[in-house]
Amino acid sequence: MACVLETPLRMSVLSEVTASSRHYVDRLFDPDPQKVLQGVIDMKNAVIGNNKQKANLIVLGAVPRLLYLLQQETSNTELRTECAVVLGSLAMGTENNVKSLLDCHIIPALLQGLLSPELKFIEACLRCLRTIFTSPVTPEELLYTDATVIPHLMALLSRSRYTQEYICQIFSHCCKLRHWHSCGFKSSPQPLLCANGPDHQTILFNHGAVQNIAHLLSSTSYKVRMQALKCFSVLAFENPQVSMTLVNVLVDGELLPQIFVKMLQRDKPIEMQLTSAKCLTYMCRAGAIQTDDNCIVLKTLPSLVRMCSKERLLEERVEGAETLAYLIETDVELQRIASITDHLIAMLSDYFKYPSSVSAITDIKRLDHDLKHAHELRQAAFKLYASLGANDEDIRKKIIETENMMDRIVNGLSESSIKVRLSAVRCLHSLSRSVQQLRTSFQDHAVWKPLMKVLQNAPDEVLVVASSTLCNLLLEFSPSKEPILESGAIELLCSLTQSENLALRVNGIWALMNMAFQAEQKIKADILQGLSTEQLFQLLSDSDVNVLMKTLGLLRNLLSTRPHIDQIMSTHGKQIMQAVTLILEGEHNIEVKEQTLCILANIADGTTAKELIMTNDDILQKIKYYMSHSNAKLQLAAMFCISNLIWNEEEGSQERQDKLRDIGIVDILHKLSQSSDPNLCDKAKTALQQYLA
């Protein structure tokens, strides 16, 4: 019976609670304005730090009434200001509170309030807007819906230090990038957003954000300086236009990069050091500051390494490592410098031991928070390891020799957190560029097993990096190649080639190309069966040149060694010749045509397969055409076809030589034997000798 009673009991408790809150809402409807004001003030005091009370008042309909009072021109400024304060307090509760406020159209009402001449009211509206826009449930687009809002906010920047602080904070939370990165470690410590229209950075930049915010860096208020700095970090991220402008901005006779460097000094608050390091990092990655500039090498990089030490708070270590990973991602020299700064590689291994049993954290709340967020440290460490090991073999060796490194990566691949899995795969991908490690550590730890598991069902961003790693594990010298094949990789890779995601199509076909290199006949047959002729044609007519080149590379690897060439051409010859014809006739670049002619040269090397060329006058004319082409690479590739067709020691060579002489090939060979290109000249002379033998 207890179960039956449970719901009514709960309802009665709730109705008591809401009843005790009801008088606050009732007072908002009092005809006496003074009583209404006192009611709002009492409500303000009741909701501070009390989430239950906030939820009750929202349920009881306080929000529409507060918004009505806030928007009434007849309400006095004090009442309107207190309404904005209460609404701001309600917004500081749960995300559901913010959703309720948004449903009541709070943002247009507050933006309208900014047109008031009363500064105190403007500040209260801005404070409330700041709280709402910093919530993850608020769509940033709401700031940009009305084109008059941004210029008005720029104008309000000069009103007070509070307007400066709140407006900068609103800008930095509502400035998102509008493109996804499909691959590689591009995700930085900034959120990315997909949308249309001019992006937020451009809108703010065009409305004079740089000029209006720059002078705030010399404000007497720390909060204003800090919010202005944060604003610049989001404006500069991946934006060459903003970054190039920032480099030349003067504040009190000093250039912005110099000001950022001063803010990096150890006596400044950590938050300021980190954010100015971000500004310099983003300006450097956007090409506005050279990677060998002293402000990067001697200031930004060392200060970011400093943020990774175990003395720092968890959030600081995460942000420091992520920003450093982004700074050094594409620059070999910075990777080398970072790797030998303050024992960074060893320092990062502490990221996996946190919080330890001997942790110095005495604050229980802090310990609880850090236990919940320890996975963020692991993902940041993997990201930084991935950047450090992107190019240099010695650095990769040092990383892999760090205690339990391979075990940590293997564990990371199966963690529940998607961010950890993604960065563990990135780290593995970076290390898989090492021939030495593919042959040793990767084999010892059978990393292919968890990697194949990751590939079974993962979001595209993980699949892209995981399939890139698989491409490396399938290279012919990798001991992992065989077990991967046995675990059903062909089917998996063939399905990737059908993906709508371009990077996945490229990786799927690339991995198959690596798999087919010097492979047994059975593996080649399985690949062709898994792909199907229809899919092969689909890939050969793909609009992306990378997909086309990798598919041609796959075909070339399939058509190697005579028995394999003859076998494949006996079953797929007609379709392959058709594809070759289409590509040679199409509008393709030199590399594509060269690769296609190389495939023809491989077919011409077959015993029975070469007949498919000899009986196809159209193809013979194309080979003849490319022998006289203006591009030496194409001429050379066409010559390989001819050499393989006329080789004396092979059966039927006399008939083939005669037929090729009849269509004018010998005349072209004589011409080419006089070529100034030594390769062409030698190849033509060798071919002519076959006629004389």
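The values are calculated or read from the model by the stated rules, or taken from the named source; none is laboratory data. Everything numeric here is computed off the predicted structure, so don't read it as measured data. Here the Cβ positions follow ideal geometry from the backbone for every residue, glycine too, while neighbour counts run over all protein chains shown. The protein model used for the area step is the full one, side chains on, heavy atoms only, and it has no ligands, DNA or RNA in it. Shrake-Rupley method; radii C 1.70, N 1.55, O 1.52, S 1.80 Å.
Considering K622, K659, the condition of being under 18 Å from Q595 (Cα atoms), part of a helix (DSSP H, G or I) and in contact (Cβ under 8 Å) with a residue 24 or more places away in the chain is satisfied by K622 alone. Looking only at region 50-75, count every residue that is of a type in the set (S, T, N, Q) and in contact with a helix residue (DSSP H, G or I) (Cβ under 7 Å, 6 or more places away or on another chain) and tell me the total. Of the residues in that region, 4 qualify. Set side by side, the residues T275, T291, T281 differ, and just one is closer than 25 Å to H343 by Cβ, buried (at least 22 other Cβ atoms within 10 Å of the Cβ) and in contact (Cβ under 8 Å) with a residue 40 or more places away in the chain, which is T281.
Taking the conditions (1) at pLDDT 95 or above; (2) in a loop (DSSP other than H, G, I, E, B) in turn, Y385 satisfies each one other than (2). The set of residues from region 462-504 being in a helix (DSSP H, G or I) and in contact (Cβ under 8 Å) with a residue 60 or more places away in the chain comprises V464, V465, S468, L502, A503.
For region 59-91, filtering for residues that are more than 21 Å from P33 (Cα to Cα) and either open to solvent by less than 30 Å² (accessible area, probe 1.4 Å) or without any contact (Cβ under 8 Å) to a residue 12 or more places away in the chain (or both) leaves 4. Within region 289-311, the residues that satisfy the criterion of being over 19 Å from V249 (Cα atoms) and in a loop (DSSP other than H, G, I, E, B) are T291, D292, M307, C308, S309, K310, E311. Selection of helices (runs of 4 or more DSSP H) fully inside region 38-96 by the criterion of at least 2 residues being more than 15 Å from R27 (Cα to Cα) and of a type outside the set (A, V, I, L, M) returns 51-59, 77-91.
Among the residues making up region 151-181, those that are part of a loop (DSSP other than H, G, I, E, B) and either among the small types (G, A, S) or surrounded by 14 or more Cβ atoms within 10 Å (Cβ to Cβ) (or both) are L157, S158, R159, S160, C174, C175, K176, R178, H181. Is it the case that V224 is in contact with a His (Cβ under 8 Å, 6 or more places away or on another chain), open to solvent by less than 30 Å² (accessible area, probe 1.4 Å), in contact (Cβ under 8 Å) with a residue 12 or more places away in the chain and closer than 20 Å to S160 by Cα? Taking the combined requirement at face value, the residue does not satisfy it. When we screen V234, V261 for residues that are modelled with pLDDT of 95 or more, surrounded by 17 or more Cβ atoms within 10 Å (Cβ to Cβ) and under 24 Å from I107 (Cβ atoms), the only hit is V234. Say whether the condition of being buried (at least 16 other Cβ atoms within 10 Å of the Cβ), closer than 25 Å to A236 by Cα and hydrophobic (A, V, I, L, M, F, W, C) is met by at least one residue in region 336-349. Scanning region 336-349 turns up at least one residue that is buried (at least 16 other Cβ atoms within 10 Å of the Cβ), closer than 25 Å to A236 by Cα and hydrophobic (A, V, I, L, M, F, W, C). Scanning region 185-225 for residues that are among the hydroxyl-bearing types (S, T, Y) and not in a helix (DSSP H, G or I), we see that the one that is modelled with the lowest pLDDT is S187.
Evaluate the following for R433: is it open to solvent by 10 Å² or more (accessible area, probe 1.4 Å) and part of a helix (DSSP H, G or I)? Judged against the criteria, R433 is not a match. Only residues that are of a type in the set (V, I, T) and either in a helix (DSSP H, G or I) or open to solvent by 60 Å² or more (accessible area, probe 1.4 Å) (or both) were counted across region 114-143, and they come to 3. The criterion of being modelled with pLDDT of 95 or more, of a type in the set (G, A, S) and touching an Asp or Glu at 6+ places or on another chain (Cβ under 7 Å) does not hold for A228. When S630 is tested against (1) farther than 27 Å from R505 by Cβ; (2) open to solvent by less than 50 Å² (accessible area, probe 1.4 Å); (3) part of a loop (DSSP other than H, G, I, E, B), exactly one condition is not met: (2). Of all the criteria given as (1) surrounded by 19 or more Cβ atoms within 10 Å (Cβ to Cβ); (2) within 28 Å of the chain's Cα centre (by Cα); (3) part of a loop (DSSP other than H, G, I, E, B), the one not satisfied by G508 is (3). Consider E534 carefully, then state whether it is under 39 Å from the mean Cα position of the chain (by Cα) and either within 15 Å of C494 (Cα to Cα) or surrounded by 20 or more Cβ atoms within 10 Å (Cβ to Cβ) (or both). For E534, the condition - under 39 Å from the mean Cα position of the chain (by Cα) and either within 15 Å of C494 (Cα to Cα) or surrounded by 20 or more Cβ atoms within 10 Å (Cβ to Cβ) (or both) - is met.
Of all residues in region 400-419, exactly one satisfies the criterion of being open to solvent by 20 Å² or more (accessible area, probe 1.4 Å), within 11 Å of H445 (Cα to Cα) and β-branched (V, I, T), namely V410. Based on this model, can you work out whether T148 counts as of a type in the set (S, T, N, Q), closer than 29 Å to A228 by Cβ and open to solvent by less than 60 Å² (accessible area, probe 1.4 Å)? Against the criterion (of a type in the set (S, T, N, Q), closer than 29 Å to A228 by Cβ and open to solvent by less than 60 Å² (accessible area, probe 1.4 Å)), T148 does not qualify. Being small (G, A, S) and open to solvent by less than 30 Å² (accessible area, probe 1.4 Å) is the filter here, so list the residues in region 537-568 that pass it. Listed by number, the list holds a single entry, G553.
The number of residues in region 642-665 that are among the aliphatic types (A, V, I, L, M) and more than 18 Å from A601 (Cα to Cα) comes to 1.
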